[in-house]
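Trainee: Would you mind keeping the following structure in view while I ask a few things?
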Amino acid sequence: MRNHSLVAHDPRPRVAPPTFGVEEEFFVVDPRTRRILSRAPELLARTRMADRLCGEFSRVQVEANSPVCDDAADARRFLRAARRELARAADVTGLAVVASGTAVLGDPAGADISDGARYADIAAHFGALRESHVVCGCHVHVGVPDRENAVLAAGHLRRWLPFLIAMSANSPFQNGRDTGHASWRTIAWNRLPSAGPPPHLRSLADHERAVRALADTGAILDRHMVYWDVRLSDHLPTLEIRVGDVAATAEEALLFAALTRGLVTRVLADVRRGAPVPEVPDPPLRAAMWRAARDGLEGSVPDPLTGEALPAAVAMDRLLAAALPGLLDNGDADLASDLLDRLRRRGSGAARQRAAHDRRGRFTDVVDHLIDHTLEGL
């Protein structure tokens, strides 16, 4: 789609947009060696946003949790403020933070696990798979009217997961090597037995049976470990979309959040009018998600519903068109179109990481690039 106003001739009545929130995870690194460091508690002790910044599974990770947002302006303010505050606190602690889905330098298997019995139980239960938790993603929570509608909305969203992976790809490197994938975080995370796309579910009862099956096999220790890429919250009236790498910049995080909210808004309308959930079998969906994780925005994105292998530019047009009814309802159509155009001109986060490496063949240059862009943006 060309970058021009998408709202000027929209004749439809506006509806109340859903609220949403954004979670972003970041790595803590040594600005001298550029390797990940297990010093997140020291950094967090120096922050001025203790109610919004916290630790994660390992001590090499920190997380920013937005308040409930009514519009994109709310989210933009938080995303920028949280990154500024993390960078400030890191600087006074002699550290730095980077927005990358995987650790460019440093072994995630050696990361210290954060305090707490639950984290210790997870690490003991999953053995070497614990390193799959040492990745950084972007999670968007979108308000939904009820859990039954949320299950059906998740079914409608399954088709679009490869498209969102390609758009957000920002993890080509891990521990000093090129993985050959634009989103290695997707591959690493999906090793976990409860991760990946949600199964095709027709009702809330189906959902509950699937969760019980995961618990009965020991694939999860509790309901919070249902790691599907689209999952229902157990304690909030939200649908959580977890498929994205952490965005390299605040602008890309805003784009991911706006497009995701637009898609949810659109599919909730589809659910209300009784549109059937698309029949997307698991094998082609998983294959499409792998291809999107390998290629990112610089290759092909398979559409798991139609079987087409789409050039990434065409795939992004299709994604924007799918989200457009919701984007219009939410007042985000021009914002999403403008930011997506900027992203396509600059290239994905993964492509920019590789370009930083290719200039001199140094992974330290990649980390320096990430330190700058985590704070400065596009």
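Trainee: Among T374, T364, which is the only one that is surrounded by fewer than 19 Cβ atoms within 10 Å (Cβ to Cβ) and β-branched (V, I, T)? Quick ask: steps written out before the conclusion?
Mentor: Details: T374 fails: surrounded by fewer than 19 Cβ atoms within 10 Å (Cβ to Cβ).
Exactly one residue qualifies, and that residue is T364.
Trainee: How many residues are open to solvent by 10 Å² or more (accessible area, probe 1.4 Å) and either at pLDDT below 95 or not small (G, A, S) (or both) if we restrict to the range 168-179? If you could, list the steps in order and put the result at the bottom.
Mentor: From the range 168-179, those open to solvent by 10 Å² or more (accessible area, probe 1.4 Å) are 168, 174-179; that's our starting set.
Remaining after also requiring either at pLDDT below 95 or not small (G, A, S) (or both): 174-175, 177-179.
So the answer is 5.
Trainee: Would you point out which residue out of A315, A356 is in contact with a helix residue (DSSP H, G or I) (Cβ under 6 Å, 6 or more places away or on another chain), free of Cβ contacts under 8 Å to residues at least 24 places away in the same chain and crowded, with 16+ Cβ neighbours inside 10 Å? Step through it out loud before you land on a result.
Mentor: Values: A315 fails: free of Cβ contacts under 8 Å to residues at least 24 places away in the same chain.
Exactly one of A315, A356 is in contact with a helix residue (DSSP H, G or I) (Cβ under 6 Å, 6 or more places away or on another chain), free of Cβ contacts under 8 Å to residues at least 24 places away in the same chain and crowded, with 16+ Cβ neighbours inside 10 Å, namely A356.
Trainee: Taking the range 118-169, which residues are in a helix (DSSP H, G or I), more than 25 Å from S58 (Cβ to Cβ) and of a type in the set (D, E, K, R)?
Mentor: Answer for the range 118-169, where residues must be in a helix (DSSP H, G or I), more than 25 Å from S58 (Cβ to Cβ) and of a type in the set (D, E, K, R): R147, E148, R158, R159.
Trainee: Of the residues R242, R291, R209, which is outside any strand (DSSP E or B), in contact with a strand residue (DSSP E or B) (Cβ under 7 Å, 6 or more places away or on another chain), open to solvent by 10 Å² or more (accessible area, probe 1.4 Å) and at pLDDT 95 or above?
Mentor: None of the other options fit; the residue is R291.
Trainee: Would you call G296 in a helix (DSSP H, G or I), within 20 Å of C136 (Cα to Cα) and among the small types (G, A, S)?
Mentor: Yes, satisfied.
Trainee: Out of the strands (runs of 3 or more DSSP E) lying entirely within the range 44-98, which hold 2 or more residues that are surrounded by fewer than 20 Cβ atoms within 10 Å (Cβ to Cβ) and in contact (Cβ under 8 Å) with a residue 60 or more places away in the chain?
Mentor: In the range 44-98, there are no strands (runs of 3 or more DSSP E) which contain 2 or more residues that are surrounded by fewer than 20 Cβ atoms within 10 Å (Cβ to Cβ) and in contact (Cβ under 8 Å) with a residue 60 or more places away in the chain.
Trainee: Where residues in the range 15-43 are of a type in the set (G, A, S) and in contact (Cβ under 8 Å) with a residue 60 or more places away in the chain, which of them is nearest to F126 (Cα to Cα)?
Mentor: S38
Trainee: Which count do you get for residues in the range 186-206 that are assigned to a loop (DSSP other than H, G, I, E, B) and either of a type in the set (K, R) or exposed (fewer than 14 other Cβ atoms within 10 Å of the Cβ) (or both)?
Mentor: Residues in the range 186-206 being assigned to a loop (DSSP other than H, G, I, E, B) and either of a type in the set (K, R) or exposed (fewer than 14 other Cβ atoms within 10 Å of the Cβ) (or both): 3 in total.
Trainee: Restricting attention to the range 10-43, and to residues there that are among the β-branched types (V, I, T) and surrounded by fewer than 20 Cβ atoms within 10 Å (Cβ to Cβ), which single residue is modelled with the lowest pLDDT?
Mentor: Filtering the range 10-43 for residues that are among the β-branched types (V, I, T) and surrounded by fewer than 20 Cβ atoms within 10 Å (Cβ to Cβ), the one modelled with the lowest pLDDT comes out as V15.
The values are calculated or read from the model by the stated rules, or taken from the named source; none is laboratory data. As the structure is a prediction and not an experimental result, all values here were calculated from the model. When we count neighbours, we look across all protein chains shown, and the Cβ atoms used for this are built from the backbone with ideal geometry, even at glycine. Ligands, DNA and RNA are stripped out before the accessible areas are found, and what is left, the full protein with its side chains, is counted by its heavy atoms. Shrake-Rupley method; radii C 1.70, N 1.55, O 1.52, S 1.80 Å.
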